[in-house]
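Here is the structure we will look at, set down as structure tokens.
The values are calculated or read from the model by the stated rules, or taken from the named source; none is laboratory data. Small disclaimer: the values here were computed from a predicted structure and weren't measured. So basically every Cβ, Gly included, is an ideal-geometry build from the backbone, and we count neighbours across all protein chains shown. We work out accessible area using only protein heavy atoms, side chains counted, and drop any ligands, DNA or RNA first. Shrake-Rupley method; radii C 1.70, N 1.55, O 1.52, S 1.80 Å.
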Amino acid sequence: MHTIIEPFRIKSVEPIYFTTREQRELILRSAFHNPFFIHSKDVLIDLLTDSGTSAMSSNQWAAVMLGDESYAGSPSFFKFENAVKDITGMPLVIPTHQGRAAEKIIFSILGSKGKYFLSNTLFDTTRANIEFSGAEGIDLVCEEGKHPSIPAPFKGNMDLEALRREIIRLGAEHIPMVIVTITNNSGGGQPVSMENIRATSKICAEFGIPMFIDACRFAENAYFIKLREEGYADKPVYDIVREMFSYADGCTMSAKKDAFANIGGFLAMRDADLALHCRNLLIITEGFPTYGGLAGRDLEAVAVGLYEVMDEHYLRYRIRTTEYLTEKLIAAGVPVMQPAGGHAVYLDAKAFLPHIPIEAYPGQALACALYLEGGIRGVEIGSLMFGKYDADHQLIPAALELVRLAIPRRVYTQSHIDYVAEVIIGVFEKRRDIRGLRIVEEAPMLRHFTAKLEQID
Ligand SMILES: *Cc1c(COP(=O)(O)O)cnc(C)c1O
């Protein structure tokens, strides 16, 4: 078979900036060993996130120029609305400025103290919005999803037995909604099977609980179904997408992911009463229902992007990119989450740096080492991000110590990815020289964004 190539050519380029190792040493120290403090101009390959970092197509940029900025009833809104209706099959569409704004609206309405939201895995902003309403979020990912080094086709699945058990234990009347996140971002970008979505929706229907999809990476999930689930190999991605949404009562989406937009999101649903409540809140937080916190040009870019992302040449290249990088790392013995997720590669920092105790944040140390070695920026997903303290101020570690390398859509070429693999392998060969870190300053919540650290001698 031939090489799977980037299914685009490049019309406009953006420079990236090279630094020397000496410069990066200084930069890292003045950034307090926290990549969030590094200026993006000092980063060569930026794998901090795949959110809002996509390259838009010439068709999206052309659509941007068609953006109609009328306050009410803009044709740009109707293009957006038609695209979302067509793809999700849901009649009621509410634009928001990004995914978490959609979450804020729906959970303000449905959440309160004594309520529970069950999910395969809630994304961190989703969980934060649920908890902010006073409700509780409960993750019920399947057993395979808990073991990073053991491959399985659908590690993002809901544990169906646990779902039924929790509904019975908590009482259906206390559960306003079940949320299926596709792909499972916090669970390593792992997909959810059609069978699992269907079975989850059946259990929800049995108890009269609405099921929503967190649809940020709907196209990547559909492509995994096509590749891995029996009976879907010959179905077009569009049909698979329509089937996934057919089992849901509604969805939230960040258009900064699988819509190739730099900003945007939406809520879509079937229940007119709920939509009325949502629109009332939308007007006081985001804007009038035909723009919802977005410019007309953003609505146009999203409407085009939602179709482009279902192109199978694109999806094949997209999924192959993370798989290709993962394969190279496995061949060199680098500990990495398996199989590759849709949007990111995850290094297992605990296994990579066994000489660094968890209290010295091996994930953060590894993220810093990748920057120092090759100007690559990733993000720690471990005890700096999720760790808590007990009553004696001892660290309660996270379940896993990972470094996530998220791949922006259509931005980097194969030689960039080859370079990333070389740098990681180079760091792996010198891993014994990497030292742990200690926190010198931290915030009480979401501390990973602003924590300051120093190297331990
Ligand atoms: C990014 C993301 C969100 C939140 O979207 P924003 O546009 O960043 O507010 C919600 N859920 C998942 C699964 C995500 O990946």
| Is it true that some residue in the stretch 385-397 is of a type in the set (S, T, Y) and either surrounded by fewer than 19 Cβ atoms within 10 Å (Cβ to Cβ) or modelled with pLDDT of 95 or more (or both)? | yes
| task | Determine which single condition A332 fails, assuming it passes every other condition in (1) within 24 Å of T126 (Cβ to Cβ); (2) among the small types (G, A, S); (3) more than 16 Å from the ligand (Cβ to nearest atom). | result | (1)
| query | Before we move on, is G208 over 17 Å from the mean Cα position of the chain (by Cα), among the small types (G, A, S), open to solvent by less than 20 Å² (accessible area, probe 1.4 Å) and not assigned by TED's automatic domain parsing to the domain that holds A351? | reply | no
| Within the stretch 98-153, tally of residues that are within 12 Å of the ligand (Cβ to nearest atom) and part of a loop (DSSP other than H, G, I, E, B) | 5
| request: May I ask you to list pairs of residues, at least six apart or on different chains, whose Cβ atoms are under 8 Å apart, with the first in the stretch 217-239 being open to solvent by less than 20 Å² (accessible area, probe 1.4 Å) and small (G, A, S) and the second being within 16 Å of the ligand (Cβ to nearest atom) and part of a loop (DSSP other than H, G, I, E, B)? | output: A219/D258; A219/V309
| message | Every residue in the stretch 1-26 that is open to solvent by 80 Å² or more (accessible area, probe 1.4 Å), among the polar types (S, T, N, Q) and assigned to a loop (DSSP other than H, G, I, E, B), please. | response | T3, S12
| Does E300 satisfy the condition of being more than 19 Å from the chain's Cα centre (by Cα) and either of a type in the set (K, R) or open to solvent by 40 Å² or more (accessible area, probe 1.4 Å) (or both)? | no
| field | Verdict on D348 being open to solvent by 10 Å² or more (accessible area, probe 1.4 Å) and in contact with a Pro (Cβ under 9 Å, 6 or more places away or on another chain) | value | yes
| request: Determine which single condition Q60 fails, assuming it passes every other condition in (1) closer than 24 Å to E442 by Cβ; (2) surrounded by 16 or more Cβ atoms within 10 Å (Cβ to Cβ). | output: (1)
| note | The lone condition H355 fails out of (1) within 11 Å of F428 (Cβ to Cβ); (2) surrounded by fewer than 19 Cβ atoms within 10 Å (Cβ to Cβ) is (1)
| query | Can R318 be described as in a helix (DSSP H, G or I), touching a residue at least 24 places away in the same chain (Cβ under 8 Å) and more than 16 Å from the ligand (Cβ to nearest atom)? | reply | no
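Residues checked against (1) under 17 Å from the mean Cα position of the chain (by Cα); (2) of a type in the set (S, T, Y); (3) open to solvent by 30 Å² or more (accessible area, probe 1.4 Å):
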{"position": "F78", "(1), (2), (3)": "no, no, yes"}
{"position": "P91", "(1), (2), (3)": "no, no, yes"}
{"position": "I94", "(1), (2), (3)": "no, no, no"}
{"position": "S108", "(1), (2), (3)": "no, yes, yes"}
{"position": "K113", "(1), (2), (3)": "no, no, yes"}
{"position": "N120", "(1), (2), (3)": "yes, no, no"}
{"position": "T126", "(1), (2), (3)": "yes, yes, no"}
| query | Do the conditions hold for V43, that is, is it away from the ligand (no atom under 16 Å from the Cβ) and outside the structural domain of H343 (by TED's automatic domain parsing)? | reply | no
| Hey, V178 out of contact with any Leu (no Cβ under 6 Å at 6 or more places or on another chain) and away from the ligand (no atom under 11 Å from the Cβ) or not | no
| request: Out of the residues in the stretch 27-40 that are under 29 Å from A261 (Cβ atoms) and surrounded by fewer than 17 Cβ atoms within 10 Å (Cβ to Cβ), state the one that is nearest to the ligand (Cβ to nearest atom). | output: F36
| task | Check whether at least one residue in the stretch 268-281 is within 21 Å of the chain's Cα centre (by Cα) and either buried (at least 23 other Cβ atoms within 10 Å of the Cβ) or more than 17 Å from A421 (Cα to Cα) (or both), and report yes or no. | result | yes
| Just checking, which of N120, N129, N185 is out of contact with any Cys (no Cβ under 8 Å at 6 or more places or on another chain), under 30 Å from F449 (Cβ atoms) and not hydrophobic (A, V, I, L, M, F, W, C)? | N129
